[in-house]
């Protein structure tokens with residue numbers, strides 16, 4: 001099953017929801033309409049009880065960044081609203097209860113890199129390129145890059161990438177922790193779907209709780225105490241009962257998300 005609109009395509013493969021950025025003529029550059037459609041697609045898949053993992057992909061390129069042509073035409077008093085809208089959608093992506101995997105081919109620059117950063121897991125093709133080159137335009141990253149990049153790869157490497165605007169290849173991105181793994185370009189979606197299927201078979205309530213806890217980035221004592229509380233809450237779910245029973249009976253669990 002697939003649905004679509006102008007710039008975003010949504011497909012479903014069993015428990016996997018696939019969002020494809022679909023502006024190939026602009027290397028999937030993010031304009032206002034595309035950002036709006038992305039938010040709608042995320043909401044659609046978040047509300048679909050059959051979907052347990054989401055994959056965001058592009059075509060030849062993942063996303064070359066924000067649409068500079070449109071940004072140039074936006075009135076100065078409208079830029080902040082544009083930035084806030086991008087933040088809202090990327091925050092929605094990061095905080096949603098279902099894991100999101102980015103499959104990156106070609107360019108993931110500027111807003112495209114920031115989109116990948118907001119995802120939970122990043123798989124890159126061998127030919128992928130990453131960068132936050134906004135300083136080359138006299139700008140700074142505007143969709144969360146100054147915050148998420150430093151948290152992911154460390155302050156020093158983030159400063160190097162953002163302050164120099166350098167573009168790095170997939171191998172270097174993997175070495176600094178920007179991507180989880182690098183695969184052959186032609187195997188990108190296959191590997192992402194394989195990982196999605198692994199995650200999809202886990203208890204969805206536990207996956208949601210684990211993602212939320214990791215994202216909170218709390219002080220360790222507070223985080224551990226909260227983990228204890230949520231760990232105990234898991235035992236009140238049918239999924240936990242099913243998981244334990246399946247383990248003891250040496251069979252595959254049948255989780256229902258309740």
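Being part of a helix (DSSP H, G or I) and more than 17 Å from residue 165 (Cα to Cα) is the filter here, so list the residues in region 97-114 that pass it. Talk me through it step by step, then tell me what you get.
Initial filter on region 97-114 (part of a helix (DSSP H, G or I)): 111-114.
Correct list: empty.
Could you list, in sequence order, all residues of region 68-81 that are in contact with a helix residue (DSSP H, G or I) (Cβ under 9 Å, 6 or more places away or on another chain) and in a loop (DSSP other than H, G, I, E, B)?
74, the sole residue that qualifies.
Against the condition within 11 Å of the chain's Cα centre (by Cα), surrounded by fewer than 18 Cβ atoms within 10 Å (Cβ to Cβ) and either over 29 Å from residue 187 (Cβ atoms) or modelled with pLDDT of 85 or more (or both), how does residue 94 come out, does it pass?
Judged against the criteria, residue 94 is a match.
Here is a list: 228, 140, 214. Which entry is part of a loop (DSSP other than H, G, I, E, B), at pLDDT below 95 and loosely packed, with under 13 Cβ neighbours inside 10 Å?
Every option except 140 fails the conditions.
Please work out if residue 188 is over 19 Å from the mean Cα position of the chain (by Cα) and either modelled with pLDDT of 95 or more or surrounded by fewer than 19 Cβ atoms within 10 Å (Cβ to Cβ) (or both).
When the stated conditions are applied, residue 188 does not pass them.
So that you can scan it fast, the table gives a plain yes or no per residue for (1) in contact (Cβ under 8 Å) with a residue 24 or more places away in the chain; (2) in contact with a strand residue (DSSP E or B) (Cβ under 7 Å, 6 or more places away or on another chain):
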site	(1), (2)
51	yes, yes
67	yes, yes
77	no, no
83	yes, no
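When residue 117 is evaluated against the numbered criteria (1) touching a strand residue (DSSP E or B) at 6+ places or on another chain (Cβ under 7 Å); (2) under 20 Å from residue 28 (Cβ atoms), which criterion, by number, is the only one it fails?
Unmet for residue 117, out of (1) touching a strand residue (DSSP E or B) at 6+ places or on another chain (Cβ under 7 Å); (2) under 20 Å from residue 28 (Cβ atoms): (1).
Considering only region 174-185, state which residues are touching a residue at least 24 places away in the same chain (Cβ under 8 Å) and in a helix (DSSP H, G or I).
Answer for region 174-185, where residues must be touching a residue at least 24 places away in the same chain (Cβ under 8 Å) and in a helix (DSSP H, G or I): 174, 185.
Can you report the number of residues in region 18-67 which are surrounded by fewer than 15 Cβ atoms within 10 Å (Cβ to Cβ), in contact with a helix residue (DSSP H, G or I) (Cβ under 8 Å, 6 or more places away or on another chain) and not in a loop (DSSP other than H, G, I, E, B)?
So the answer is 1.
Spot the failing condition for residue 151; the list is (1) over 19 Å from the mean Cα position of the chain (by Cα); (2) at pLDDT below 95; (3) in the same structural domain as residue 53 (by TED's automatic domain parsing); (4) exposed (fewer than 14 other Cβ atoms within 10 Å of the Cβ), and only one is missed.
(1)
If residue 99 satisfies every condition in (1) in contact (Cβ under 8 Å) with a residue 60 or more places away in the chain; (2) under 15 Å from residue 114 (Cα atoms); (3) surrounded by 15 or more Cβ atoms within 10 Å (Cβ to Cβ) but one, which is the exception?
That leaves (2) as the condition not met.
The values are calculated or read from the model by the stated rules, or taken from the named source; none is laboratory data. Keep in mind that this is a model prediction, so the values were computed, not measured. All Cβ positions, even for glycine, are placed from backbone atoms using ideal geometry, and neighbour counts span all protein chains on display.
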